[in-house]
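Structure record follows, encoded as structure tokens.
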Amino acid sequence: MKKGSGFVPIIAIVIITLAVGAAGVGGFLAFRDRKAFISREIIPEKSVIVNEDPKVAPAIQSQDAKFIQADFIDLSYINAISKFRSGSGHDFSQGSGETCRSMKHYFNVRRTPEVEQLISHNKGIPPVPDGKTDISIYSPVDGKIINIESDQIDIGKQIYIQPDTQPKFWVRLFHIYPLSGIKRGSQVKAGQPIGVIGQYQNTDIAINKGRGNYISYFEVMPDNIFAKYQALGVKSRKDLIISKEERDANPLECNGEWFSKNYDSDPGFGNFVYLNSRTLQTSKPAQETPKPQTKSSPVPTQVPPPPPPPPAPVSVVSKNLMYNQDGISFEYYWPGESGVTRLSTGETEAWVFNRSKSPITISEISFTFWLKDSVVSLASGTWEKSPLNAWDRLDYVNIGRGEYSGGLVLNPNEKSKIHYHIEATPLASEKQSAHVKVIFSKDGVSYALDKTLDR
């Protein structure tokens with residue numbers, strides 16, 4: 001054998017070995033990536049969060065389909081739709097990288113002035129579904145219900161749906177009363193009824209792609225469905241979406257989760273698009289503006305009478321009364337009690353009413369709560385005021401967990417609530433105590449309310 005004749009076979013063996021090794025590594029990495037991809041699509045038992053980078057801008061990418069397959073509500077019931085990034089409702093932007101804006105859409109039903117008055121007198125709570133005049137809510141996609149959870153206020157549930165075709169997204173419907181059989185894990189078809197709302201109840205919808213990436217419902221809606229909105233006067237999707245640049249140039253103000261003022265009451269902010277069959281409106285039609293009602297104004301017969309608690313506060317002596325002098329009164333309500341509002345078992349609050357002719361200034365608030373003689377920690381505290389006989393929010397302040405010093409002004413014909421979330425859910429039968437101390441001034445004179453109450 002000639003010198004060097006074994007060199008070529010050795011090189012061939014080495015090349016083959018390296019090729020096999022590379023294929024094995026590639027296969028392993030592909031398997032690992034596939035496994036990781038599958039794991040990202042699994043929704044944890046107590047979470048609806050898909051593992052997406054929260055810093056990614058929430059814009060729809062070209063490869064993302066317009067996956068909505070059916071509208072979630074019959075538009076014949078709808079009067080107005082809030083714009084994406086509007087100042088309607090409350091701040092809904094957490095985790096998005098944006099702040100103080102509502103990154104969802106409210107769908108407001110048609111109401112007469114008499115119905116608006118009825119709801120206002122029922123603490124802003126519309127009549128619950130009655131099984132006869134309900135408005136159906138439909139799944140907008142083929143998909144899986146990955147979560148159903150309670151709303152912050154006692155109006156229905158929040159339903160999360162993960163689309164089969166776009167599992168990185170989920171649809172979030174608010175204030176829905178789910179139908180029997182609709183539960184976490186249910187598979188649903190587009191257009192399938194999944195719940196109802198009351199005939200005078202509003203609802204809202206949000207679209208998420210990953211953690212905190214909020215997207216307009218209309219960005220993922222195909223043209224054939226959007227054509228129904230165009231038939232009602234909406235010229236383009238841009239009519240329903242405030243861009244990030246426009247909102248940043250015209251910022252809103254917030255106190256915590258809530259807007260600092262009622263932007264809905266100022267048509268200059270253009271929160272809503274109003275639907276009709278002839279023309280697109282960007283301000284509320286004059287004929288639908290609620291008018292002051294007299295005592296003789298009829299209440300619609302189709303609306304059931306409001307359930308307890310009683311209507312907006314009037315000058316009567318309450319069993320919860322702590323103080324009542326010179327037009328200033330304070331009332332206290334225990335966890336789970338129905339009073340001025342309906343409280344959960346984890347909430348408690350005091351109300352202040354100014355029926356005098358002078359403003360008062362609250363400079364100090366101190367609150368302690370006991371359950372079975374043990375102090376209960378407070379999760380949060382807020383102060384919120386509104387007109388005496390209406391529910392438009394005039395101011396909202398975080399007052400801490402039991403101790404506050406500052407200056408909270410309550411003008412004549414205004415009311416305010418001092419509201420606390422407690423880290424307990426006591427039963428009404430359990431021993432409870434509360435200490436309420438409020439220092440306030442009126443006409444240059446200081447007053448002190450200092451009460452310890454037992455339930």
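The values are calculated or read from the model by the stated rules, or taken from the named source; none is laboratory data. Remember, it's a predicted structure, so these values are computed and weren't measured experimentally. Here the Cβ positions follow ideal geometry from the backbone for every residue, glycine too, while neighbour counts run over all protein chains shown.
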Could you list all residues from region 412-452 that are surrounded by 13 or more Cβ atoms within 10 Å (Cβ to Cβ) and in contact with a His (Cβ under 8 Å, 6 or more places away or on another chain)?
-> Lys451
Determine whether region 127-144 contains at least one residue that is small (Gly, Ala, Ser) and at pLDDT below 95.
-> yes
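Which one of these is within 24 Å of Gly270 (Cβ to Cβ) and modelled with pLDDT of 90 or more: Ile81, Ile68?
Ile81
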Counting only residues that are at pLDDT 50 or above and not in a strand (DSSP E or B), which one in region 311-324 is surrounded by the most Cβ atoms within 10 Å (Cβ to Cβ)?
-> Asn320
Residue among Gly381, Gly406 that alone is more than 28 Å from Glu116 (Cα to Cα), of a type outside the set (Asp, Glu) and surrounded by 15 or more Cβ atoms within 10 Å (Cβ to Cβ) | Gly381
Contact list, first residue from region 325-338 and surrounded by fewer than 19 Cβ atoms within 10 Å (Cβ to Cβ), second anywhere and assigned to a loop (DSSP other than H, G, I, E, B) and at pLDDT 90 or above, beta-carbon distance below 7 Å, six or more apart or interchain, is Asp326/Ser356; Gly327/Arg355; Gly327/Ser356
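Here is a check on your reading of the model: is Ile153 touching a residue at least 12 places away in the same chain (Cβ under 8 Å), buried (at least 17 other Cβ atoms within 10 Å of the Cβ) and among the aliphatic types (A, V, I, L, M)?
Answer is no for this residue.
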Residue ID - surrounded by the most Cβ atoms within 10 Å (Cβ to Cβ), chosen from residues in region 71-128 that are part of a strand (DSSP E or B) and among the aromatic types (Phe, Trp, Tyr) | Phe84
Filtering region 373-413 down to residues that are outside any strand (DSSP E or B), touching a strand residue (DSSP E or B) at 6+ places or on another chain (Cβ under 7 Å) and either of a type outside the set (D, E, K, R) or closer than 17 Å to Ala350 by Cβ (or both) yields Val376, Leu388, Leu394, Ile399, Gly400, Arg401, Gly402, Asn411, Pro412, Asn413
